Structure formats: C-alpha cells, structure tokens
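Read the structure below first, then the notes.
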Amino acid sequence: MKVLGKKELYKQPSTKRVSWAGALAASLILLPGIVAGNPALAQKAERNSLSYGELIKKTDKGEVAKVELDEAENIAKVYLVGQKDTPIQVKLLDQNTELINKLKDKNVEFGEVSSANSRAAVGLLINLMWILPLVALMLLFLRRSTNASSQAMNFGKSRARFQMEAKTGVKFDDVAGVEEAKEELQEVVTFLKQPERFTAVGAKIPKGVLLIGPPGTGKTLLAKAIAGEAGVPFFSISGSEFVEMFVGVGASRVRDLFKKAKENAPCLIFIDEIDAVGRQRGAGIGGGNDEREQTLNQLLTEMDGFEGNTGIIIIAATNRPDVLDAALLRPGRFDRQVIVDSPDLKGRLDILKVHARNKKIDPSVSLDAIARRTPGFTGADLANLLNEAAILTARRRKEAITILEIDDAVDRVVAGMERTALVDSKAKRLIAYHEVGHALVGTLIKDHDPVQKVTLIPRGQALGLTWFTPNEEQGLISRSQLKARITSILGGRAAEEVVFGKPEVTTGAGDDLQKVTNLARQMVTRFGMSTLGPLSLENQSGEVFLGRDWMNKSDYSEEIAAKIDAQVREIISSSYQTAKSILEQNRVALERLVDLLSDQETIEGELFRQIVAEHAQVADEKVAVSHQ
C-alpha cells in the first residue's frame with residue numbers, strides 16, 4: 001500500500017480523502033482488540049501456564065527456582081529449575097499464604113513486581129495511535145484554509161517576474177531582420193548604461209517604448225534582447241495578468257508593480273500584449289466604469305502622473321495599435337512607437353543565417369534562394385520553416401538538410417500537410433487543367449509574377465496548387481498588376497470552360513471567384529482604379545465594441561452603389577475574356593502541360609516557362625510563314 005504524503009493527500013479527491021481518513025481511524029480503533037484477541041497469542045499463553053495446585057507440588061519437589069508475584073494482575077511468574085529464561089504464568093488466589101510459606105520453607109527466591117505502569121503506558125500508546133492521525137488531519141485542513149485566505153489577501157500583489165539581472169540568453173546579435181527597430185532600442189540600452197551622455201545636452205530618458213507589428217515579427221524577442229543587453233533589473237508581465245474578476249485588483253497590481261520598480265530604479269518593465277489592458281476607454285455599448293478601465297487609468301497615472309517615475313523605462317508590445325487608448329500613446333507615456341514589420345529580402349536572409357547556426361545544412365543549399373522564395377514570411381515563419389526542414393531530414397534519415405527538404409517545408413508551411421495523391425481519373429485531369437490554366441495565363445500575361453511550381457499533390461484543403469513568386473519586394477501594386485492577378489486567378493475556371501464547355505464547369509473555382517470579387521471591389525471603392533474616378537467610397541469597418549460607430553452607414557447613394565457593382569462586373573468579365581482568349585490561342589501548350597502534369601504530378605517553374613516559350617516560338621514561326 002502506498003503511503004500518501006501531505007501534498008499527495010491534498011491531490012486526492014475529497015471523497016477519497018474522507019474514506020482514507022475513516023479507514024485509518026477505524027483500523028487504529030480496532031488494533032487493541034486485534035492484539036488482545038489474537039488466537040495464536042492465547043494458545044501460546046495456555047502452553048506457558050500452570051495451575052495453582054501444580055505450583056504447590058513443584059515447590060514441594062524443589063523444581064521452582066524463582067517466583068515473581070504481581071498483585072495488580074493477580075498472577076505469578078514462575079521460573080523453573082533449568083528454565084530461568086522462560087517464566088510460566090500461574091493464576092493466584094485472593095489469599096496466597098500457603099504458597100508464600102512453601103516458598104520460604106524451600107528457600108525459593110520470590111518478590112513482588114507491578115505491571116500497572118507498563119499497562120498504562122501501553123494503553124496510552126494505543127489510544128495515541130488513532131488520536132494523533134486525527135489531530136494531524138485537522139492541522140492539514142487548517143493549514144489549507146490558511147493558505148487559501150493568504151492567497152485571497154495576495155490578489156492585489158503584482159505577478160510580474162523579476163530578475164535582478166535578466167539572463168534571457170538573447171542579445172542583439174541574435175535578432176536579425178529588424179535593423180531600424182534594433183537601432184532605436186540600442187539607444188534605450190545606452191540611456192540606461194550611460195545616461196550622462198544624454199543628460200549633458202539636456203536630453204531626457206524616454207518613458208516608454210511601444211513595439212508595434214504583426215504576430216511573429218520579433219517584438220518579444222527584441223524585449224528579451226534589451227533585457228539581456230541592459231544589465232539592469234527587469235520586470236516582465238503580460239497585459240492579461242493585471243485583470244481579474246475582482247474589482248480593483250488590476251489597479252492594485254499596477255501600483256504594486258511600479259512600487260517595486262521604483263525601489264529598483266533604474267529598471268525596465270516589459271508588458272506583453274498591452275492591448276489586453278490598454279483598450280480604448282468608453283468602448284462598447286453604454287461605456288461603463290469596468291475593471292479594465294480602472295486598471296488603465298492607474299497605468300496612465302503611474303507612467304506620467306503627478307509623482308512621475310524617474311528611472312523606469314516601460315517597453316510594451318502589441319499587434320493591435322488601433323484599439324489602444326489615445327492617452328496611452330501620447331508623448332510622455334509611450335514616447336517612441338517602433339514599427340517591427342515583416343522583413344525584406346536582406347532581413348529574411350539575415351534571419352535565416354541566425355536560425356541556420358545550429359543546423360546541419362548541405363553546402364548546396366542557398367539561403368539567398370530561400371529568402372527570395374519566402375516574401376511575406378515573418379521571423380517566426382522562417383524559424384518554423386527551417387525547423388520543419390530539420391524534422392523532415394531526421395525522418396528521412398539524412399545527415400544534412402538538402403534543398404528537397406527546404407522545398408517540402410515551404411510547401412507545408414504555406415499550404416499545409418501533404419495528403420494522399422489523386423488516382424488517375426477524370427477528376428485528376430480536370431484539376432490538372434484548372435491548375436495549368438492558372439499558371440499558363442499568369443506566365444503569358446504581362447505584369448504578373450513568374451510561376452514557381454504547379455502541383456497536383458493535395459495539401460490542406462486544396463486538391464492542387466499553383467505558386468507564383470515575385471522577382472522583387474512589392475510595396476506598392478499597380479492597376480495593371482492587380483488586373484493581371486485577377487486574370488490569372490480566373491484562368492482555372494476559364495480552362496475548364498475552354499476544354500469541357502460551360503455545362504461542365506465545377507465548383508473548384510469557388511475560392512478563386514471570392515478572391516477576384518474582393519480585389520475588383522477594392523480597386524473600385526478604395527483605390528480609385530475605375531471610371532468612377534479617384535474616390536475612396538468605402539472605409540474599413542470599425543467594431544462597435546472598440547468604441548466605433550453603432551452601425552456602418554453607407555458613404556454613397558444607391559445610384560453610386562449600382563455603378564460600383566457595374567464596374568466590379570466589368571473588371572471581372574473583361575479579365576475572364578482575356579484569360580479565355582489566352583488559353584484558346586495556346587491550346588497546344590495547354591494540352592502538353594496537362595499531360596506532363598498528370599504524369600509527373602509536379603512541374604517546376606523553370607521547366608514550365610521553358611515549355612511555354614517553345615510553343616510561343618513555334619506559334620510565331622507559323623504566323624511569319626502565313627504572312628509570307
């Protein structure tokens with residue numbers, strides 16, 4: 001049987017604890033009876049006993065060597081000649097004059113002994129055996145209730161993790177791809193280490209730095225780097241840890257956090273996901289004086305209130321700056337707002353070099369090529385990419401990561417896990433026409449990104465995929481580029497209609513149609529790329545629970561709404577006709593590429609473009625011959 005300790009006892013369900021305690025008490029209560037009523041002990045006692053008459057006879061014969069009389073128990077312990085180690089018990093009478101006289105006559109040594117004290121001690125011990133565990137159980141329950149009450153008293157204490165000198169293991173050398181943000185934050189570290197350089201010319205230490213950027217761009221990593229470089233006391237806490245269901249707890253924790261920080265100034269406070277506590281006040285239906293608002297008010301006061309907080313620099317991170325209260329963003333509170341955006345080509349290359357330090361990568365793998373293949377990837381995405389490649393390498397029992405594992409990892413990160421390949425059937429060939437239609441239109445139309453790969457291997461929810469990779473970073477997109485994208489997206493549906501006819505088009509283009517409708521509508525209503533002129537007719541909708549308007553009212557009349565719909569239809573229909581025309585003119589190339597894709601299931605971009613170029617050259621030669 002396993003003996004439960006104090007902690008293990010508390011981990012048991014309450015019913016188990018009660019039954020365990022009851023069983024223990026019952027067993028201890030029964031223990032004296034078990035000891036007293038043991039048949040083996042009774043039989044042994046019968047074998048080692050004499051009657052009173054036998055004792056008199058043995059005394060007369062001189063066979064008794066020593067007798068001990070116990071008047072409390074009214075028994076005698078008799079030691080026979082030759083058996084002095086094992087006494088025999090004899091029940092005495094009320095008056096034992098004859099026995100005593102016989103013992104005197106035969107010169108037998110005898111005396112009185114008392115077992116009352118030993119019996120009392122044994123009885124006390126047996127009683128304590130079941131009383132003490134009950135007292136221990138009572139003490140344990142009392143201690144538990146005391147801990148619960150002490151926890152209730154500690155609700156207002158800050159839960160920030162404190163390090164006198166943060167050992168995060170991260171330095172600025174470990175952060176890549178966000179050089180501008182690093183420069184801003186390195187200045188903060190210099191403020192803390194050498195404040196005299198700035199105070200000599202009248203500069204003040206910034207109160208707060210707000211890191212803004214999409215998820216995975218390295219905001220928390222930058223905060224760890226600052227903590228690792230600064231060498232000053234460091235407090236770290238999440239915004240959600242301020243807010244509890246009890247009123248006033250959040251504000252109390254803010255006060256306690258800044259009290260501790262002032263005692264250890266100069267120091268750093270890092271608040272991750274500050275939007276959990278810093279949302280706009282008065283947001284939602286009816287506003288209200290809720291717990292989050294009280295916490296935010298206390299935070300605003302501590303950052304730049306009547307008393308001030310000299311020597312404390314607050315670093316906060318969020319990916320939702322649009323929901324933060326305006327008072328939190330003003331100078332004097334968060335003096336600096338550092339944008340941590342997705343890295344460019346050079347940044348992605350630097351990030352890949354950082355994450356490739358501890359991985360075995362084949363010399364034939366080009367990190368520059370990987371960086372070019374991954375536009376829009378954040379630092380977290382690139383780290384995940386190399387990790388997935390390393391996992392695939394180990395699974396395939398290779399010694400180093402090759403370009404094959406990199407390609408498979410990119411596909412998995414972008415599109416999802418690879419599923420079972422399609423069997424040869426009409427559906428597989430139809431999907432091949434659909435994907436080749438995307439790639440062929442995108443290759444032949446002007447201002448479109450080059451095709452990277454076409455595949456029939458299902459991934460995620462897609463039965464087939466076509467990748468396009470831009471040649472350069474695209475900050476701004478022109479109208480011709482948007483039109484080319486819409487035409488390429490419609491190439492799949494156009495291929496189905498050109499090859500199988502209108503009655504045989506499938507639902508495979510459902511997602512494509514949703515994308516092109518959204519793009520075309522943005523061209524008309526937000527980017528001013530239609531005959532309606534350079535007008536922004538729709539704004540991004542705001543949420544009522546973020547302090548926005550009650551309802552989204554239209555900024556234009558019904559007449560303009562009809563014109564918007566007409567322009568959207570015109571853009572999509574003209575692009576669709578262009579896609580159909582391209583496919584009809586290059587039907588031979590379409591058939592050859594579909595045969596190749598059905599056979600190999602994947603066509604790389606370079607081979608795809610080579611085949612298209614060959615057919616385009618043949619078509620030009622035929623046109624030249626016909627003109628002659």
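Readers should treat all values here as calculations from the given coordinates under stated rules, not as data from a laboratory. Every value quoted in this text rests on a predicted model; they were computed, and no experiment measured them. Heads up, the Cβs are rebuilt from the backbone with ideal geometry, glycines too, and the neighbour counts pull from every protein chain shown.
Annotation: amide H of Ser238 within the under-5 Å range of Asp272, sequence separation 5 or more or interchain, hydrogens built in the peptide plane. Coupling constants for the stretch 180-195 follow from the phi torsions by the Karplus curve (6.51 cos²θ - 1.76 cosθ + 1.60, θ = phi - 60°), and in residue order they are 5, 5, 4, 4, 4, 7, 5, 5, 5, 5, 5, 3, 6, 7, 10, x Hz; glycine and proline get x.
Here the calculated FRET efficiency for Glu263 and Asn319, from their Cβ-Cβ distance with R0 = 25 Å, stands at 0.20, rounded to the nearest 0.05.
The simple spin-label model puts a point 7 Å past each Cα toward its Cβ; for Lys515 and Arg396 those points are separated by 2.7 nm. Taking amide hydrogens as placed 1.01 Å from N in the peptide plane, the amide H of Leu80 sits under 5 Å from those of Ala65, Ile88, each at least 5 positions away in sequence or on another chain. Computed packing ranks the peptides 430-437, 61-68 as 430-437, 61-68, most packed first, by mean other Cβ atoms within 10 Å.
Computed packing ranks the peptides 97-109, 261-273 as 261-273, 97-109, most packed first, by mean other Cβ atoms within 10 Å. Sorting Phe141, Phe234, Phe172 from the fewest to the most surrounding beta carbons within 10 angstrom yields Phe141, Phe172, Phe234.
Entry note, the stretch 345-415: relative contact order of 37 percent, from Cα contacts under 8 Å with a spacing of 6+ residues. Close amide H partners of Gln280, meaning residues 5 or more places away or on another chain with modelled amide H under 5 Å apart, are Asp325. The GluC sites (Glu not before Pro) of the stretch 297-400 that DSSP puts in a loop, and whose beta carbon has at most 15 other beta carbons within 10 Å, are Glu307, Glu399.
Here the label points at Phe306 and Ala613, each 7 Å from Cα along the C-beta direction, are separated by 7.7 nm in the simple model. Computed from the Cβ-Cβ distance with R0 of 25 Å, the FRET efficiency linking Gln337 to Ala380 stands at 0.70. Using only side-chain charges placed at the Cβ, +1 for Lys and Arg and -1 for Asp and Glu, the dipole size of the stretch 345-415 relative to its Cα centre rounds to 180 debye. Taking other C-beta atoms within 10 Å as the exposure proxy, Ser488, Ser536, Ser342 rank Ser536, Ser342, Ser488 from fewest upward. Between Glu54 and Arg419, the distance separating the two model label sites (each 7 Å from Cα on the Cα→Cβ line) works out to 9.4 nm. Each peptide among 292-299, 133-140 gets the average number of other Cβ atoms lying within 10 Å of its residues, and from highest to lowest they stand as 292-299, 133-140.
Can you tell me the FRET efficiency between Phe141 and Asp256 if r is taken as the Cβ-Cβ distance and R0 is 35 Å, rounded to the nearest 0.05? Calculated transfer efficiency: 0.70. Fully extending the segment from Glu504 to Glu63, taken as 0.36 nm per residue of separation minus the present Cα-Cα distance, adds 146.5 nm. Simple rule: put +1 on each Lys or Arg Cβ and -1 on each Asp or Glu Cβ in the stretch 297-403, find the dipole, and look at Thr378, Leu352, Gln337; the Cα lying farthest toward the positive end is Leu352.
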